[in-house]
Structure formats: structure tokens, C-alpha cells
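Shown next, in C-alpha cells, is the structure this report addresses.
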Amino acid sequence: MTLSGRAAIVGIGATEFSKESGRSELQLAAEACLAAVRDAGLTPADVDGLVTFTADASSEIAVQRELGVPALRFFSRVDYGGGAACGTVAHAAMAVATGQADVVVCYRAFNERSGHRFGQANKSGGSGSSAMEFSWHLPYGFATPAAWVAMQARRYMHEYGATSEDFGRVAVAMRRHAATNPKAWFHGRPITLEEHQASRWIVDPLHLLDCCQESDGGVALVVTGVERARDLPHPPAVISAAAQGTGPDQMMMFSYYGGDIATLPAMGTVGETLWRQSGLTPADVQTAVLYDHFTPFVLIQLEELGFCGRGEAKEYVRDGGIEIDGRLPVNPHGGQLGEAYIHGMNGVAEAVRQIRGTAANQVADVANVLVTAGTGVPTSGLVLSGRG
């Protein structure tokens, strides 16, 4: 059995994106899920599956109660922070394809700015095997995501001649897209490369504007079978491929022991699976939603996924290749740098809008969209298509 073409995303929902939601994470989750179910033309009584992140504070049964779902036949969680985003859809699609559930809602909701801030220093490293991994780094103050990414970014610059300005061009493109997206936190607020370069250092070589924002909010997606999808209100975003992946000697955002640290092997694993499952190539993709928690990893993803050769992404962004009118528009909604940081789930929702033709910054003639989840961690990806 192959997963490709058996399930589709048929509903999307979200709260507003803010810096202080003023309500609980459970309420945010429930609001987003209910909006997604209604968008799909369904009711909570139709839902029999829920999938979320291991990091999410709202349990599946709590969300079930809030929505009024009678019973669940499938529930699941995906680990590794933002790397879980597309993995939730993969789990939902597998459940639908194998008959474990008929209608599955994937969700992520948090107060990541007014509550627990993921960008701050990790002081403990958790417990069990994760504590062992973190113990190599935390005693030396190597304790924030920005610091972990900076290590790889500096090596990438050394290997391929990329510059801080190249990273800045990613930030400028994302903010350009967000500026014309009314749902984006940075709507109406583009930046220039000069402003990027003048923004304060966080960890060399990362400026403030190389780092994604912190957001409060929730996003949810509804997955069902393609046959049922055809009877629902919106054109289905058919799941042509869904994959999860790790690299050699994988750790959590500091995989410095598996060879070349100027690469992202886990994303390479995901990309290889996506192209094989879907039967597509990078040339078949009209727009991509790439996880942009830090700008350097957008460049490396372009290489891992085959949109350009190793070390060539700097030229790709220098000629405007990722901008809305470029050869591969990346994150037309503004991404996590411009719209909101909801652990990548808002990116999946944008991919669905691009397939539907309803995006704020709609790319012309979209047939296939590639979506990625968190990088530097065990990760996941999707190819969504407009056939079905």
C-alpha cells in the first residue's frame, strides 16, 4: 500500500496571531480545531481522530471534550518540536488510509510569547536520553536554539562563502511577503537589507532579524480520505507525499557529530522520500513553504531538497529566486519570520490556501506545494497537490 493520493487536507483553521492571546492554550487549540472542522463543512461529531505535538500542552482528550467529539478511534503525538509539524499530517493520513479513522484533526496551540518562550535558554535539558545529549552543551552556556544554529551557520559560511547579507535576503523576502498578508503579525512592515544588517546581534553570525518571532496562537488542519474530500466545500489539498526523517548521529538541534555540519541530513532524508513517494521532482513544485525559524537553514534546505546544488543557495537568493515573483516563491504568507511562529503549522495551512487559490499572496497556477517542518531536529515534510 502506498500513502500517496489516499488522503487530503480539507479544512484549515486558526486563531489570530498575537503576542498576548489573553486566553489558555486549551482554548486556543479548541478555537483553531473548531474553525478547521467548520471550514471543512463538517461537525465535531464527524471527527474520530486527533494528532498533535508531544510539546503541546493540550491533551487529545481535553480537546475532544472541548469540541464535543463523541469518541476517538485514533490519537497520536509527534516529538521533536517544530520537526513534528508535517509529521502530524503524516500520522493523520496513515490513519485515514488504513481505516483507523475517517476524519482526523491535527493541531498545535501555544502562548509562545506570553507564556513559555521556546527561544530562551534551556537550563535542564529535560530527563532521560535528552538530558544526556544536552549535558555535552549546557554546562558551557550553549543553551539556546540561536546558538545551536549559529554553529552550523558559521560553518556553512566558511565552506561556501555565504555571507550575513545572504541570510538577510531571506529575512527581507519573508517580510516582503508578510507585508501584504493581512493575517501576518508584520503586515505592512517590510524591512530592507540595511535594516537587517543594523539589527542587533543575537549570536554571531545571527542578527535579530535572522531569528523568527515569538507568537501566541493556534492552527488546526482536517485530514480525511480523498473520496470523501470530493464532497466537501473546498478543493482538497491531496497528500501526494508525507515523510519523517533523521540523519546520522541525530541530536536535537546540535547534530555536530554526523559528518558535515554545513548540511541538514535529516531534511535530505525527508526530501528523498517525498520525491520518491510523489513521483515528482523540484521542477514540478510551484511554491515551497520552508521552515524558517532561522534564515541560514532556509538556504541549506534549498540544497538538501534539490532546488539547487550544494553551496549554490546563496546565488539562488541573491537573484531574488525565493521572492514572490522569483523562480521558487518561498513562504508567500511571510513564514515564521513574518506571519507567525506556530511551530510550522501555519505553513501547512498556507500550502492548503495555495492549492485552493485563496492565499493572500497567491502564486499562479499552483499544482504542487512542498512543505517542510523544523530543521536541525528530526523532521518531516509534505507534498500537497491540487489533483483529486
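The values are calculated or read from the model by the stated rules, or taken from the named source; none is laboratory data. Being a predicted model, the structure only gives us computed values, none of them experimental. Neighbour counts run over all protein chains shown; Cβ positions are idealised from the backbone, glycine included. For accessibility, only protein heavy atoms count, side chains too; no ligands or nucleic acids. Shrake-Rupley method; radii C 1.70, N 1.55, O 1.52, S 1.80 Å.
Just add up the charged neighbours of THR375: K/R +1, D/E -1, any other residue whose Cβ is under 10 Å from the Cβ of THR375.
Numbers: positive: none; negative: ASP292, GLU304.
Summing Lys/Arg as +1 and Asp/Glu as -1 gives -2.
Taking the Cβ of PRO265 as the center, what net charge do the other residues with Cβ under 10 Å away carry, scoring Lys and Arg +1 and Asp and Glu -1? Walk me through the intermediate numbers first.
Working: positive: none; negative: ASP249, ASP260, GLU304.
Cβ neighbours under 10 Å give a net charge of -3.
Accessible area of the range 5-161 with a 1.4 Å probe: how many percent of it is carbon plus sulfur? Walk me through the numbers on the way to the answer.
On the way: 3440 of 6620 Å².
The C+S portion of the solvent-accessible surface of the range 5-161 is 52 percent.
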> Over the heavy atoms of THR192, what accessible area does a 1.4 Å probe trace out, to the nearest 10 Å²?
Replying inline: 60 Å²
>> For the chain, give me the percentage of DSSP beta bridges that are antiparallel, rounded to the nearest 5 percent.
In response: 75 percent
> What distance in nm separates the simple spin-label points at SER114 and THR43, each placed 7 Å from Cα in the Cβ direction?
Replying inline: 3.2 nm
> According to a simple spin-label model (label point 7 Å from Cα along Cα-to-Cβ), what is the distance in nm between ALA71 and GLU16?
Replying inline: 4.0 nm
>> Among DSSP bridges having both ends in the range 46-197, what percentage is antiparallel? Round to the nearest 5.
In response: 0 percent
> How large is ³J(HN,Hα) for each residue in the range 238-255, as worked out from phi by the Karplus curve 6.51 cos²θ - 1.76 cosθ + 1.60 (θ = phi - 60°), to whole Hz, x for Gly and Pro?
Replying inline: 6, 7, 6, 7, 8, 8, 10, x, 10, x, x, 6, 5, 9, 8, 6, 9, 8
> For the chain, modelled as a GNM with alpha-carbon contacts under 10 angstrom, which of PHE134, PHE254, PHE186 fluctuates the most?
Replying inline: PHE134
> How much of ASP216 can a 1.4 Å solvent probe reach, expressed as accessible area in Å² and rounded to 10?
Replying inline: 0 Å²
> Share of the range 228-312's accessible area from carbon and sulfur, percent, 1.4 Å?
Replying inline: 51 percent
> Using θ = phi - 60° and the Karplus curve 6.51 cos²θ - 1.76 cosθ + 1.60, what whole-Hz ³J(HN,Hα) does each residue of the range 282-298 get, with Gly and Pro shown as x?
Replying inline: x, 5, 8, 9, 8, 8, 10, 10, 9, 5, 10, 5, 9, 4, x, 6, 5
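Taking the solvent-accessible surface of protein heavy atoms with a 1.4 Å probe, what is the per residue accessible area of the chain in Å²?
Numbers: 14330 Å² over 388 residues.
Each residue of the chain exposes 37 Å² on average to a 1.4 Å probe.
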> So in the range 285-388, what percent of DSSP beta bridges are antiparallel if you round to the nearest 5?
Replying inline: 55 percent
>> With a cut-off of 8 Å between alpha carbons and a minimum separation of six or more residues, what is the relative contact order of the range 278-388 in percent?
In response: 31 percent
>> Are there any trypsin sites (Lys or Arg not before Pro) in the range 296-386 that are in a DSSP loop and have at most 16 other Cβ atoms within 10 Å? List them by number.
In response: ARG310, ARG327
> Taking the structure as given and computing semi-axes √(5λ) of the Cα gyration tensor in Å, which label from (1) 83, 22, 13; (2) 30, 23, 20; (3) 38, 23, 20 fits?
Replying inline: (2)
